[in-house]
Structures are given as structure tokens and as C-alpha cells.
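J.: I am attaching a structure below and will ask some questions about it afterwards.
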Amino acid sequence: MLLCRTWGSVRAVLTQSIAARSVCAERWGAVSQLQRDFERWFGEGGRGRSTGGKGGRGGRGFLIVVTTIALLVLVGSIAKGIYTEWLWFGSLGYASVYTTILGTRVLLFFVAAALFALLFGGNILVASRLAPKGAASGPGQSILPALQRFSRAAVVAVTGFLSVMFGLAAQANWETVLRFLNGQSFGAVDPVFSREVGFYVFSLPFLSLIRGWLLTAIVFSLIAAAIVYAIAYTSQQKRFDNARPVLVHAAVLIVAIAGLSAICYWLGIWDLLYSPR
């Protein structure tokens, strides 16, 4: 009788164990299937390639084709305008004049874009070198890896876009630059400051242009450096102390902005001659 009861208990335990194993197997199978589906769609740990890679490549190819077509349309539109203007100036016998204008605008664009890229990108590089290095803590643990993955591409994209914008802004002032380079003396001075009249016509607009361009570029550089420092300090939850190089970097930019603002008032002295008051 005791033997029968013992055998019954063992059989019940074995039955429960088999049932538990069946449930675990079903759940494990579901998890495995979910893992396979996840890997199929998103890749394994970012290392493998999903079976939908052809679709991804097709999407990238479509984006490249659309971008190429848009660039070709833009370049074609610009080239059409340039060719039309060149024909018109040539019909009047002033083709060399338009060639000078066009060459000046192209040169201004590339010089201004390169200078801004050096100034803006250089300050971002300095800020990234001076920012504290360490592992992220707190909420920054989930944000910093994504920022690190996209930071380089984002910096290159933003620097390139802003460089183009600053280059376009500079080339639009080709007439001011050509007037400065070909300035002449009028043989007369103003009765207030005793400055040669040619200074107000040729030099003063050019100096105002350089001051405004540099001031805007340095303000953008200061904002970019501040963003780099803010991300570094907040992601690592560090206090802003023992950061003398960071303070020196920010101080240099702020002093440059203050100096250019002071030059604005200095140039404004001669602008009083144009004032109706």
C-alpha cells in the first residue's frame, strides 16, 4: 500500500515536470521565433544583414537617384542663367566684364565657404578635445551612444550646409568687393572727419561687410562649441569646475564677438555722414 502511494506521488511529479517542460518549450519556441523575426528585419546586433537588405539598398539607391536628379536640375538652371547673361554681355561687347563678375563671385564663394568651414569646424574640434572624456551616467547612458554614432555625420552635414550658406552670402556682395579692389581717389575730403571721399565709397562698405560676416561666423562657432560642451557635461553628470581650458576657449570667442561689435561702433562714426540728423 505504501509502495502504491509512493509510485502515485512520483508519477504526479513526473507528469507536472513533463507539462512544465512542454510549456517552457512552447515559450522558448515563441521566443526563438521572435528572435529570428527580429534578426530577419533588423539584423543581429547591428552586425548581420537582414533579409530585407535588398529593399534597404533599393531605398538608398532611389534616394541617390533623386538627389542626383535634383542636383542636375539645379546645376542646369544655374548654367542656363550664366550662359544667357554671357550671351547678353557678349552682344554688347562686354563679355570680359561678365567674366570678371562671374570669376569674382565663384572665388568669393569658395574662399568664404572654406574660411567658415575652418572656423566653424575648428572650434567644434577644439571643443571636442577640451570636453571631459568619460563614460555616460544617468539618463545619458541611453542617449550618448546614439549621439556618438551620428555626431560625426551630423557635424560634417551641418558644417557643409552652413559653409554653402556663408559662401552664397559672400558672393552676393561681389560688387562691394570689386569696388574696394578697384577704388580710386576723388581728390576731395569730407568737411567733418577730413577723410578722402573714396574711403566712404570704396573702403567703408567693404570693411562693414567683413565685420558682419566674421561676427556672424564666430557667433555660430560659439553656439556650436557650447552645444558640444553641454552634451559632454550633462551626459556625464559632471560639475563645471576645473575646466580652465574650456573657459579660455569660450572667452576667446566672446572677446572676438565683443571686439567685432566694438568695430561696428567705430565704423558707425563715419556712417554719421549719411545720417539725415
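J.: Sort out which residues of the stretch 149-195 are surrounded by 12 or more Cβ atoms within 10 Å (Cβ to Cβ) and among the hydroxyl-bearing types (Ser, Thr, Tyr), and write them in order of number.
T.: Answer for the stretch 149-195, where residues must be surrounded by 12 or more Cβ atoms within 10 Å (Cβ to Cβ) and among the hydroxyl-bearing types (Ser, Thr, Tyr): Ser151, Thr159, Ser163, Thr176.
J.: Could you check the stretch 244-277 and list, in sequence order, the residues that are without any contact (Cβ under 8 Å) to a residue 60 or more places away in the chain and under 12 Å from Leu130 (Cβ atoms)?
T.: Arg244, Leu247, Val248, Ala250, Val252
Bear in mind these aren't lab numbers, they're just calculated from the coordinates by the rules spelled out. Note that the structure is a prediction, hence the values are computed from the model and not measured. Here Cβ is always computed from backbone atoms with ideal geometry, including for glycine, and neighbour counts include all displayed protein chains.
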